[in-house]
Amino acid sequence: MKKFQRPDAVLRGAIQSIESGDARRRRQGFFTAGMALAFAAKTDLALQAFERACSGFAGQARMEEFEEAVIVRRIGSAIVRALGRDLPEFLVATGPDNRWEDGARSRLLMDRWSKPRGSLNQATEFLRTAQALLQEGRTLAALGAAEQVIDRRAEVDPWVVAEACIVGAVAATEAGREDLTRKLLIEWWRCDHSRHLGQPFAFPALAREIVQGALAEAAVIDRKLVATIERVVRGEPSGLSPAFSWASLLERLEKVLERSRKKEELGNSSSAPPLQDPVGSFRAKGASPEEIELAEKRLGCKLPASYRAFLLVSNGPLIPNHRIDRLRPISEVRHIREDPVADGWLGEELVKDTSGSPYVMENGLAISDHGDAGFLYLNPDFQDEEGEWEAWHVASWIPGEHRYGSFRSYMEETLAFLDELAVDEDGQES
């Protein structure tokens, strides 16, 4: 949620994702833009963004993409119903899973904490009480218990405060306290959390408050940026996204890492990823076209375009982030079935499509060393229309895999992650 408290920055990031050329990032960009616009009560434009997000799911069969489509359509449906309109066609095709609203309510009202510690203990007990009272229909008592949690916001986990705000807002609505409902929604908005952004939309009364502008002042968006996202939704260029080049991306990445290094040296950075080697070593000398062609002959395949272009700029740099330790030089890239890094992963069942069929990891190129109990590889079994291979990060601590539409997408999301850390620490954009 914290990043949505800077809606202009969120929309600029969403526009970059939409214009990135990666199908999955486009979908996510339209969805993110739609959420920011919905919070700002720009509902018609938000629904247009959701429609563009849903159009990106056409023909997709993988289970996690089906679930993403359900979430987008459910939040969109909640907005349309709150406006008192009939559902447009793109929101009617929700598929067989109609459990989103009930699931969100269940997550809100169930006990999600066990063995609370320290100052969290009493606040959690108040929250449990508020949840139980709300289920029993004792709205005023539930509201009082939720406010007990919110009053302790300075010493309580933000997740607990956020849940209490929603419980309290629902209770206030049922008690006819619309002014207090809006106050609690704004308090929820200010909480430092990032999941369950769609939670208020699971409750029709809260969805109505949001589309009527309950958060509009807190989530205000620059007028020029609204005009820009209107053009983007129509399929026109924004004029904000610079022409892509690997050199410029690596330069930006190095600047963010240099800032992290300085903060570590001053003892100010608790969340920035540790640097494992001097920043200057991040960008290795590029490979020659002859080296790449020799590797392609050895591997028996043509490398995807974004990865090939990257190697020409930087061949085997260190990647000091939370995912992997080092991208390999092209001379060390191997098929995963021939690489000791992948030992123990071959034969693993990873993604499933909507029919329930598993995908067993057998093909692909291991392009990183083993770091943090996992590695990065390029998967030729999943390609887009331009022949880009998906980049997959697998690790023992990841249920399944983290997927990126291309190697370029992986690197752009790495930069976005580090950029967001820099913003969170400074309170401003880097």
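The values are calculated or read from the model by the stated rules, or taken from the named source; none is laboratory data. Everything numeric here is computed off the predicted structure, so don't read it as measured data. Please note: Cβ atoms are built from the backbone with ideal geometry, for glycine as well, and neighbour counts cover all protein chains shown.
Considering the conditions (1) over 18 Å from ILE166 (Cβ atoms); (2) within 19 Å of the chain's Cα centre (by Cα); (3) modelled with pLDDT under 80; (4) aliphatic (A, V, I, L, M), ALA93 is excluded by exactly one of them, (2). Applying the condition of being surrounded by fewer than 18 Cβ atoms within 10 Å (Cβ to Cβ) and within 31 Å of the chain's Cα centre (by Cα) to region 136-152 and asking which residue is farthest from GLU187 (Cα to Cα) yields ARG152.
With respect to LEU257, is the statement that it is in contact with a helix residue (DSSP H, G or I) (Cβ under 8 Å, 6 or more places away or on another chain) and at pLDDT 80 or above true? Against the criterion (in contact with a helix residue (DSSP H, G or I) (Cβ under 8 Å, 6 or more places away or on another chain) and at pLDDT 80 or above), LEU257 does not qualify.
The condition of being acidic (Asp, Glu) and at pLDDT 80 or above holds for only one of GLU388, GLU401, that being GLU388. Test ASP86 against the criterion of being assigned to a loop (DSSP other than H, G, I, E, B), more than 30 Å from ALA243 (Cβ to Cβ), over 17 Å from the mean Cα position of the chain (by Cα) and at pLDDT 80 or above, and give yes or no. Spelling it out, ASP86 is indeed assigned to a loop (DSSP other than H, G, I, E, B), more than 30 Å from ALA243 (Cβ to Cβ), over 17 Å from the mean Cα position of the chain (by Cα) and at pLDDT 80 or above. Note on region 260-305: among residues that are among the charged types (D, E, K, R) and not in a helix (DSSP H, G or I), the one that is modelled with the highest pLDDT is LYS302. Do you know which of the residues in region 17-34 that are of a type outside the set (Gly, Ala, Ser) and over 12 Å from ILE229 (Cβ atoms) is modelled with the highest pLDDT? Here the residue is PHE31.
When region 157-172 is filtered for residues that are surrounded by fewer than 23 Cβ atoms within 10 Å (Cβ to Cβ) and either of a type outside the set (A, V, I, L, M, F, W, C) or closer than 13 Å to GLN122 by Cβ (or both), the ones remaining, listed by number, are ASP157, PRO158. Residues in region 196-224 that are within 16 Å of GLY34 (Cα to Cα) and without any contact (Cβ under 8 Å) to a residue 24 or more places away in the chain: ARG223 only.
For beta carbons closer than 7 Å, sequence separation of 6+ or different chains, a first residue in region 8-23 that is touching a residue at least 40 places away in the same chain (Cβ under 8 Å) and within 19 Å of ALA219 (Cβ to Cβ) and a second that is of a type in the set (Asp, Glu) and surrounded by fewer than 20 Cβ atoms within 10 Å (Cβ to Cβ), the qualifying pairs are ASP8/ASP222; ALA9/GLU429.
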